[in-house]
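Peer 1: If you scroll down you'll find the structure; I have some questions about it.
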Amino acid sequence: MRQILYISVSTAPAGKADLAAILEQSRHNNAIDGVTGLLWSDGTHFMQVIEGPATSVEATFGRIILDSRHRDVETLHDRPIEARGFGSWSMILKRAGDPVDVYDAKMRRLLSNASDGISERFRRLIATSAADARD
Ligand SMILES: Cc1cc2nc3c(=O)[nH]c(=O)nc-3n(C[C@H](O)[C@H](O)[C@H](O)COP(=O)(O)O)c2cc1C
């Protein structure tokens, strides 16, 4: 199996990304393709993990890259995995301030390899860092 983590910027007006439409399409396709993962968004930025059979992940990411609803797609990780790390949901949506769950720590670990600018920007999307900031 293969796992890809990328970040991108919505082309919709700030905060107005149509997450419902993206999710509906993603869940439909991913359920058929055996692809799973998480999509983080604040309505302006995206951060997504997709995982599953290597050929399905490659095809899915190939379509995602070409999608005009976002730009500046930057791959942070692309690696073979033994088992899924982010559950069996066809695509979970997480928004800034959502309750902390088991995936937040995993996400922070994956992001710890990214450059300071990237991890700073995207840590804000992850609930655990929102909690840290309030302390
Ligand atoms: C941020 C973002 C995340 C997306 N995630 C997925 C995804 O996980 N799976 C998927 O099939 N399409 C995803 N899409 C949509 C694809 O880019 C593409 O529009 C879609 O797969 C085309 O499917 P269709 O031919 O069935 O309409 C995403 C799009 C965006 C902007």
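The values are calculated or read from the model by the stated rules, or taken from the named source; none is laboratory data. The structure presented is a predicted model; accordingly, all values stated were derived computationally and were not measured. Neighbour counts run over all protein chains shown; Cβ positions are idealised from the backbone, glycine included.
Peer 1: Looking at Ala14, is it in a loop (DSSP other than H, G, I, E, B) and touching a residue at least 60 places away in the same chain (Cβ under 8 Å)?
Peer 2: No, not satisfied.
Peer 1: Quick check, is Gln3 part of a strand (DSSP E or B), more than 9 Å from the ligand (Cβ to nearest atom) and either surrounded by 14 or more Cβ atoms within 10 Å (Cβ to Cβ) or at pLDDT 95 or above (or both)? Don't jump to the end; show me each part of the working.
Peer 2: Working: part of a strand (DSSP E or B): yes; more than 9 Å from the ligand (Cβ to nearest atom): yes; either surrounded by 14 or more Cβ atoms within 10 Å (Cβ to Cβ) or at pLDDT 95 or above (or both): yes.
Against the criterion (part of a strand (DSSP E or B), more than 9 Å from the ligand (Cβ to nearest atom) and either surrounded by 14 or more Cβ atoms within 10 Å (Cβ to Cβ) or at pLDDT 95 or above (or both)), Gln3 qualifies.
Peer 1: Quick one: count up the residues across the range 28-58 that are among the aliphatic types (A, V, I, L, M) and either more than 10 Å from the ligand (Cβ to nearest atom) or over 16 Å from the mean Cα position of the chain (by Cα) (or both).
Peer 2: Residues meeting the conditions: 3.
Peer 1: Answer with yes or no whether Arg63 is within 12 Å of the ligand (Cβ to nearest atom) and closer than 25 Å to Ala12 by Cα.
Peer 2: yes
Peer 1: Taking the criterion of being without any contact (Cβ under 8 Å) to a residue 60 or more places away in the chain and farther than 25 Å from Arg124 by Cα, would at least one residue in the range 37-51 satisfy it?
Peer 2: no
Peer 1: Something else: How many residues are assigned to a strand (DSSP E or B) and on the phi > 0 side of the Ramachandran plot if we restrict to the range 41-86?
Peer 2: 2
Peer 1: Of the residues in the range 66-78, how many are of a type outside the set (A, V, I, L, M, F, W, C), within 9 Å of the ligand (Cβ to nearest atom) and surrounded by fewer than 21 Cβ atoms within 10 Å (Cβ to Cβ)?
Peer 2: Number satisfying all stated conditions: 3.
Peer 1: Conditions first: (1) more than 21 Å from Arg27 (Cα to Cα); (2) modelled with pLDDT of 95 or more. His70 passes all but one, so which condition is the exception?
Peer 2: The number of the failed condition is (1).
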